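What follows is a set of notes on a single structure, which appears directly below.
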Amino acid sequence: MREILKKLDLQLIAQEEGGWLVLSPDFPELITEIDELEELPEVLEDSLRAVLELYMELEKPLPEKFGDYLNGAEENYIAPFKP
């Protein structure tokens, strides 16, 4: 996941009521909010993990700049817990 985070383009939009809206043109499904910029790394990782799980479930290819991260590189992917 770190490889994707390194290449991920982000857009942070300051909200009138405070905090930030976080979007990624790379993954339109990635939409989250933070109150403080210090929260960004943790919230972004959680949000990206959810988006990657969705892509795997739907067998949707990643944007080209991320290569074959899910196809053939599953050892880098942190799978969701399954009892």
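Every number in this text was worked out from the coordinates using simple rules, so none of it is lab data. Bear in mind that the values here come from a model prediction, so they are computed numbers and not experimental data. Note that we place each Cβ from the backbone using ideal geometry, even for glycine, and neighbour counts take in every protein chain shown.
Observations on the model:
- LEU21-ARG49 FRET efficiency (beta carbon distance; Förster radius 25 Å; 0.05 resolution): 0.85
- One chain, two ends: ARG2 and LEU58. Fully extended at 0.36 nm per residue, the span grows by 18.0 nm beyond their Cα-Cα distance.
- Rounded if a/c under 1.5, otherwise prolate or oblate - segment 2-74, Cα gyration tensor axes: prolate
- Approximating the spin labels as points 7 Å out from Cα along Cα→Cβ, the LEU12-to-LYS65 distance works out to 1.8 nm.
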